[in-house]
Amino acid sequence: MDGQIDRLQSVGDLRSNLIDEARDILRRNDRGGYTVPTDALYPFQWNWDSAFCAMGFASFDIDRALTELESLYSGQWASGLVPHIIFHRDADTYFPGPQVWGTHQTPPTSGISQPPVTASALAYILNASQSASAGPSQDTLARARALYQKILAYHDWWARERDPNGTGVVAILHPWESGSDNSPVWDEALKAVPPTQNPFQRRDVALVDSDMRPKQWEYDRYIYLVELYRSLGWNGDRMWAQTPFKVADIGLNAILMRDELDLIDLAERFGDDDTVKRLKARALQRRKGLDRLWSEARGMYLSRDLLRDRLVDVPSHAGFLPLWAGQETPERAASLAHELSRWISLSRFGAPTMSPDHAEFDQRRYWRGPVWGIINWMLSEGLRRHGHVALADEIKHHTAALIAQSGFSEYFDPLTGEGLGGGVFSWTAAVGLAWALD
Ligand code: DGY
């Protein structure tokens, strides 16, 4: 590991080659105004992938960065929902496609969402345009203002449809909404969901080794949930009332909190004073909501199963993400840093998405252990914001070393550093450009 870091630091060429390669990946995965996460395995536009891609583009092309967000918001519903997939064109290498979702939108989309990162991305782009020149151009500001209005509607959707009782925490109604699809955190709640009775053919396991992907029992239930919501006409109230899967994901709530704080900054920048007041009140309520997900026994945050009304005692990387939101007390930040550092000490490369000493840790299987560049970015920046600079730097160095060893893979084995999943991955390239290789 140290050898890798030394190599990275001592060979300046390697760094600039990697930066060129990362730019090239974003360009190659550009399908004309939007970026696919990777060829074949994910041939459409994904919500949070795109937000990270926009931040990657911002390091060398502000116009293209804004276009990425504009394309994503071309799929926004009248309700404010920004779906997790926008099917801009046909492709037969992915399941479930637009017919399975049956949302009747133009362009066709899925009917659920994903962790919201677009206010953070827009703030990032504006900062990048500030430092790249005398300041954002009039055109950049006008486009940013138009996006801001749409992001506001998206946040209001989260509050209205995923926290209708105003508790301060939003729920996910599908594991895919968390972004960490097969995390062991969902196992118990998902087992209570019936499997679909309709045969279907997965495409992912034809493209990637099945030991790196979710298991079949999970897919049977992922598809059941899609079919159920489709039968409810994707109506938010009916989905909320009838879902068999309703979890307050700590990861999503933390990311939403950070995005909402960035949205408040945008509202201030655009002089939208009433919105600033309204969002500040909502942020206070969200803060109280996060507090209810703290586990004193674990010294970190957990998710809450809302149908069973209990914390899910399965710690994952998501329990550290409130650091990214940036509002932890020194005591809680120290507790989170301490536990995260313990997980990293059990790995060769950090940060694993499950602790290697947890019974469900699986070093190759998607969100059950592997290291993800975007998660490392959020954890590291969150630690830095709370003054835990050494650990923040360690995670950043691990990320750079993983990229140097295994390229811009979708995710990495924390024990060997092997690149896993989809090969040439846009958001890993974006993280390299915006953060890990800077
Ligand atoms: C997938 O298909 O693996 C995605 O993560 C769901 O959006």
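Select the helices (runs of 4 or more DSSP H) contained entirely in region 284-398, then report the ones holding at least 1 residues which are open to solvent by less than 40 Å² (accessible area, probe 1.4 Å) and over 19 Å from Leu252 (Cα atoms).
330-345
Please state which one of Ala159, Ala153, Ala123 is in contact with a Ser or Thr (Cβ under 9 Å, 6 or more places away or on another chain) and surrounded by 15 or more Cβ atoms within 10 Å (Cβ to Cβ).
It is Ala153.
Pairs, please: C-beta under 8 Å, at least 6 apart or cross-chain, first residue more than 16 Å from the ligand (Cβ to nearest atom) and in region 110-125, second open to solvent by less than 10 Å² (accessible area, probe 1.4 Å) and in a loop (DSSP other than H, G, I, E, B)?
The qualifying pairs are Thr118/Val82.
Among (1) within 18 Å of the chain's Cα centre (by Cα); (2) modelled with pLDDT under 95; (3) not charged (D, E, K, R), which single condition is Val11 missing?
(1)
All but one of (1) touching a residue at least 12 places away in the same chain (Cβ under 8 Å); (2) more than 15 Å from the ligand (Cβ to nearest atom) hold for Asn182; state the number of the condition that does not hold.
(2)
Looking at region 92-109, which of its residues are within 14 Å of the ligand (Cβ to nearest atom) and not polar (S, T, N, Q)?
Residues satisfying the conditions are Tyr94, Phe95, Pro96, Gly97, Pro98, Val100, Trp101.
Can you tell me which residue in region 214-250 is least open to solvent (accessible area, probe 1.4 Å), limited to those that are of a type in the set (Lys, Arg), free of Cβ contacts under 8 Å to residues at least 60 places away in the same chain and in a helix (DSSP H, G or I)? Write out each step before concluding.
Taking region 214-250 as the starting set, the residues that turn out to be of a type in the set (Lys, Arg) are 215, 221, 230, 238, 246.
Narrowing the set further to residues that are free of Cβ contacts under 8 Å to residues at least 60 places away in the same chain leaves 215, 221, 238.
Those still in the list that are in a helix (DSSP H, G or I) too: 221, 238.
Details: Arg221: 41, Arg238: 109 Å².
The qualifying residue least open to solvent (accessible area, probe 1.4 Å) is Arg221.
Scan Ala189, Ala144 and give me the residue that is under 21 Å from Tyr34 (Cα atoms), under 23 Å from the mean Cα position of the chain (by Cα) and open to solvent by less than 30 Å² (accessible area, probe 1.4 Å).
Ala144
What residue, among those in region 76-91 that are more than 14 Å from the ligand (Cβ to nearest atom), on the phi < 0 side of the Ramachandran plot and not basic (Lys, Arg), is surrounded by the most Cβ atoms within 10 Å (Cβ to Cβ)?
Leu81
The values are calculated or read from the model by the stated rules, or taken from the named source; none is laboratory data. Since this is a predicted model, take the numbers as computed values, not measurements. Neighbour counts run over all protein chains shown; Cβ positions are idealised from the backbone, glycine included. Heavy atoms of the whole protein, side chains included, go into the accessibility calculation; ligands, DNA and RNA do not. Shrake-Rupley method; radii C 1.70, N 1.55, O 1.52, S 1.80 Å.
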